[in-house]
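K.L.:
This is the structure, below, for whatever I ask next.
The values are calculated or read from the model by the stated rules, or taken from the named source; none is laboratory data. On a predicted model such as this, the values are computed, not experimentally measured, just so you know. Positions of Cβ are generated from backbone atoms using ideal geometry, with glycine treated the same way; all protein chains shown enter the neighbour counts.
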Amino acid sequence: MNTLKTFLQERQILLEDFLKTTLAPKKNANRLWQAMFYSCLNGGKRLRGLLCLASYEAFKPNYKTVLNIAAGLECIHSMSLIHDDLPCMDNDILRRGKPTCHIEFDEATALLAGDALLIEGLALCLKADLRPEVMINIMKKITWAIGADGMTGGQSIDLENTNKNILLSELENMHKLKTGAFLKVSVLAGAIAAEAETEQLEALENYAEKIGLAFQIVDDLLDLEGNSAEIGKTAGKDLIQNKATYPKFLGLEQSKEKAQNLIIEAKLSLKQAQIYFEPLHQIADYIIERRK
Ligand code: GRG
């Protein structure tokens, strides 16, 4: 991550090492584990894991308490990318600068690698040493965020919307579910683990909603303005697939402006709840500065 400061870079490396160590014993156990390792340890930005660590550390010092959750969230995220790339979904051949899982292995293995990463990811989250009621609360929120009223539901709406004329509000709702819900729970999981106050959780929820939407707008912009080598996935796909995007609705300049304003609002909601933790601001900035 080129623009993230040392504090977050350190945690990114630590999270990467933790994921590697956790999955390594099984790395070559069989084709399934090889595909899981290939798709999880392949240079993701680790945004969801970092959000979880940072929102914990905004309230309590020992972020290693939530390392299992941060790693579990990254496994679940990797699962969603594998399935998203499948021929029956987005049908893509490039992910994180490498052939997608079903290209490198085969479709059935990719499907199963996704399934297994989802289960292993949830199991990893459950390993965090937290009070049972805190753990249950986090697991409820994670399962909700990835279920039919969250990420899976959003993906389904996205598939239905392809080649259709939809409203901006419908686009926003789709992203709220598909991408936003999981980013939000990544932020909340850390803060809930740190037993933050209700008012602080509300502020973080608001922060997460704003950065989630900004993340998606930037994703649309990168698809349009970036190149495949830089973004690590096939650029220009939204146009080819005739997908609704923010630049399509708002134009380039207004989309950029909207993303920037959302980041300002996200930071403001932290300030209003007196959450002064610089890395959360840095992540918000990174979301609009990123080039991949
Ligand atoms: C969770 C059961 C279950 C099913 C998943 C396939 C699917 C259903 C959902 C797809 C969700 C999806 C892929 C949303 C796109 C989110 C997105 C823009 C991902 C890219 O995130 P980055 O840029 O990626 O953080 P890296 O590679 O850095 O991790």
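K.L.:
Against the conditions (1) crowded, with 16+ Cβ neighbours inside 10 Å; (2) part of a loop (DSSP other than H, G, I, E, B), where does residue 182 fall short? Just the number, please.
P.N.:
(2)
K.L.:
Considering only segment 102-118, state which residues are farther than 30 Å from residue 63 by Cβ and either among the hydrophobic types (A, V, I, L, M, F, W, C) or surrounded by 15 or more Cβ atoms within 10 Å (Cβ to Cβ) (or both).
P.N.:
102, 103, 104, 105, 108, 109, 110, 111, 112 - these are the residues of segment 102-118 that are farther than 30 Å from residue 63 by Cβ and either among the hydrophobic types (A, V, I, L, M, F, W, C) or surrounded by 15 or more Cβ atoms within 10 Å (Cβ to Cβ) (or both).
Here is a yes/no grid of residues against (1) within 15 Å of the ligand (Cβ to nearest atom); (2) free of Cβ contacts under 8 Å to residues at least 60 places away in the same chain:
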{"residue": "145", "(1), (2)": "yes, yes"}
{"residue": "149", "(1), (2)": "yes, yes"}
{"residue": "157", "(1), (2)": "yes, yes"}
{"residue": "163", "(1), (2)": "no, no"}
{"residue": "169", "(1), (2)": "no, yes"}
{"residue": "172", "(1), (2)": "yes, yes"}
{"residue": "184", "(1), (2)": "yes, yes"}
{"residue": "189", "(1), (2)": "no, no"}
{"residue": "207", "(1), (2)": "no, no"}
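K.L.:
Okay, next question. Any idea which of (1) within 14 Å of the ligand (Cβ to nearest atom); (2) within 19 Å of the chain's Cα centre (by Cα); (3) assigned to a helix (DSSP H, G or I) is the one residue 112 doesn't satisfy?
P.N.:
Only one criterion is unmet by residue 112, namely (2).
K.L.:
Then there's this: Given 123, 108, which one is of a type outside the set (Asp, Glu) and in contact (Cβ under 8 Å) with a residue 24 or more places away in the chain?
P.N.:
123
K.L.:
Residues in segment 237-249 that are buried (at least 17 other Cβ atoms within 10 Å of the Cβ) and either out of contact with any Ser or Thr (no Cβ under 6 Å at 6 or more places or on another chain) or among the aliphatic types (A, V, I, L, M) (or both): how many?
P.N.:
3
K.L.:
For segment 86-99: of the residues being touching a residue at least 12 places away in the same chain (Cβ under 8 Å) and farther than 16 Å from residue 292 by Cβ, which is nearest to the ligand (Cβ to nearest atom)?
P.N.:
Result: 89.
K.L.:
Inside segment 1-21, can you point out the residues that are over 23 Å from residue 212 (Cα atoms) and touching a helix residue (DSSP H, G or I) at 6+ places or on another chain (Cβ under 6 Å)?
P.N.:
Answer for segment 1-21, where residues must be over 23 Å from residue 212 (Cα atoms) and touching a helix residue (DSSP H, G or I) at 6+ places or on another chain (Cβ under 6 Å): 18, 19.
K.L.:
Also, I was wondering about something else. If residue 248 meets every condition in (1) farther than 30 Å from residue 278 by Cβ; (2) in a helix (DSSP H, G or I); (3) within 15 Å of the ligand (Cβ to nearest atom) apart from one, which number is that one?
P.N.:
All conditions pass for residue 248, except number (3).
K.L.:
Next question. Output the residues belonging to segment 1-18 that are modelled with pLDDT under 80, closer than 10 Å to residue 283 by Cα and of a type in the set (A, V, I, L, M).
P.N.:
4
K.L.:
Sticking with this structure for a sec: I need the full set of residues from segment 185-210 which are touching an Asp or Glu at 6+ places or on another chain (Cβ under 9 Å) and either among the basic types (Lys, Arg) or not in a helix (DSSP H, G or I) (or both), in order please.
P.N.:
Within segment 185-210, 194, 210 qualify.
K.L.:
Follow-up question, since we're still on this one. Anything in segment 119-163 that is surrounded by fewer than 17 Cβ atoms within 10 Å (Cβ to Cβ), over 16 Å from the mean Cα position of the chain (by Cα) and outside any helix (DSSP H, G or I)? List them, or say none.
P.N.:
127, 129, 131, 148, 149, 162, 163, listed by residue number.
K.L.:
Follow-up. Please go through segment 256-292 and give me each residue that is part of a helix (DSSP H, G or I), within 16 Å of the ligand (Cβ to nearest atom) and charged (D, E, K, R), ordered by number.
P.N.:
Within segment 256-292, 285, 289 meet the criteria.
K.L.:
Right, next: For segment 122-136, state whether one or more residues are among the β-branched types (Val, Ile, Thr), within 14 Å of the ligand (Cβ to nearest atom) and modelled with pLDDT of 95 or more.
P.N.:
No.
K.L.:
Please go through segment 40-64 and pick out each residue that is more than 10 Å from the ligand (Cβ to nearest atom) and basic (Lys, Arg).
P.N.:
Across segment 40-64, the qualifying residues are 60, 64.
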